[in-house]
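The values are calculated or read from the model by the stated rules, or taken from the named source; none is laboratory data. This is a predicted model, so every value here is computed, not measured. Neighbour counts are summed over all protein chains in view; Cβ atoms, including those assigned to glycine, are modelled from backbone coordinates with ideal geometry. To get the accessible areas, we keep the full protein, side chains included, count just its heavy atoms, and leave off ligands, DNA and RNA. Shrake-Rupley method; radii C 1.70, N 1.55, O 1.52, S 1.80 Å.
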Amino acid sequence: KRNTGKKIAKYVVIAIILFVLLFPVYWMINCSLLPSNVIMSVPPRFFPINATLKNFSQIFTRASYLRFFQNSFIVSFGTIAIVLLVAVPASYALSRYNFFGRRVILSSVSSVQMFPVVVILTTLYGFYNSWHMLDTYRGLILADTTFALPLAITLMKSFFDTLSKSLDEAARIDGASRMRVLLHILLPLVVPGLVAVGIYTFLNAWDDYLMALTIMKSNEMRTLPVGIAQSFLGEYSNDYGGLMAFAVAGSLPIVLLFIFFQKYLVSGMTAGAVKG
């Protein structure tokens, strides 16, 4: 009876925690199926009675809203490409070579994440204005890369550290160059790490608001977070139904990423934490 009581209590606690964590998601989906005037009614409607897809049709039939999705995809995948292109050779060099200033470089790379984004916004805007990089994809991709790169290098270095240097030595004895060792021997072994870094970078770029708000000035170049805030939140009224529908649609790419790459993500986040 004691064991049964403990199990029941454990399941009750788990159910309460799951309810608290998942209720905001349920409420977002519920509100996306209701008109805005119904969402603000008292008492609130916790079930989508007389649900409608009008909010979703409004999103996917307006070219400006679809443009927000397109901009976010371009910026996110562009950031992933540059981050992986830089992080892989940088982390490989920091893991395999012992050179003067190596620890200083590692500390400097990690310290970039200590500074909040708002600290550099004014300076960044001035530089971008002088370089004619405002309202451009390359400007926002470069800015997102700056803040995603430190963690990407740190994570990838930890993955390379788990691989024995005897693999490099054996390949070098067989006549392989350093680049061939990296591309054909080590990279296939750190695929979980590449996936973990790619997903982290995608989330960082997809959810970015401050950088996108500062750099992207025209409506055609706005990304999803900025587009949501400036399209559905007004000075005198708010379209909460459209806002929630846009939030649901914007969350789908992230959910799909986790569904398809969950195995690689979990193994990637754990394998790189242990050396040897």
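Would you mind stating whether residue 87 is within 18 Å of the chain's Cα centre (by Cα), open to solvent by less than 20 Å² (accessible area, probe 1.4 Å) and of a type in the set (A, V, I, L, M)?
When the stated conditions are applied, residue 87 passes them.
For residues in region 36-53 being under 16 Å from residue 247 (Cβ atoms) and open to solvent by 40 Å² or more (accessible area, probe 1.4 Å), which is modelled with the highest pLDDT? Break it down stepwise before answering.
The first filter runs over region 36-53 and keeps only residues under 16 Å from residue 247 (Cβ atoms), leaving 36, 39, 48, 53.
Going one step further and asking which of them are open to solvent by 40 Å² or more (accessible area, probe 1.4 Å), we end up with 48, 53.
Details: 48: 78, 53: 85.
Looking at the filtered set, the residue picked out is 53.
Consider region 219-232 and keep the residues that are open to solvent by less than 20 Å² (accessible area, probe 1.4 Å) and hydrophobic (A, V, I, L, M, F, W, C). The one that is nearest to the chain's Cα centre (by Cα) is 224. Let me spell it out: the conditions are (1) surrounded by fewer than 21 Cβ atoms within 10 Å (Cβ to Cβ); (2) in a loop (DSSP other than H, G, I, E, B); (3) out of contact with any His (no Cβ under 9 Å at 6 or more places or on another chain), and residue 181 meets all of them except one. Which number is the exception? Looking at each condition in turn, residue 181 falls short on (2).
Table: residues versus (1) closer than 24 Å to residue 54 by Cα; (2) acidic (Asp, Glu); (3) at pLDDT 90 or above.
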position: 177; (1), (2), (3): no, no, no
position: 212; (1), (2), (3): no, no, yes
position: 216; (1), (2), (3): no, no, yes
position: 222; (1), (2), (3): yes, no, yes
position: 253; (1), (2), (3): yes, no, no
position: 259; (1), (2), (3): no, no, no
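Please specify each residue of region 45-90 satisfying the condition of being of a type in the set (Val, Ile, Thr) and in a helix (DSSP H, G or I). Selection gives 59, 61, 74, 75, 79, 80, 82, 83, 86, 88.
Looking only at region 195-218, count how many residues are within 18 Å of residue 129 (Cα to Cα), touching a residue at least 40 places away in the same chain (Cβ under 8 Å) and surrounded by fewer than 20 Cβ atoms within 10 Å (Cβ to Cβ). Even if it seems obvious, please write down each step before you answer.
Let us first name the residues in region 195-218 that are within 18 Å of residue 129 (Cα to Cα), namely 210-218.
Remaining after also requiring touching a residue at least 40 places away in the same chain (Cβ under 8 Å): 210-212, 214-218.
Okay, now just the ones that are also surrounded by fewer than 20 Cβ atoms within 10 Å (Cβ to Cβ), so 210, 217-218.
Adding up the residues that qualify gives 3.
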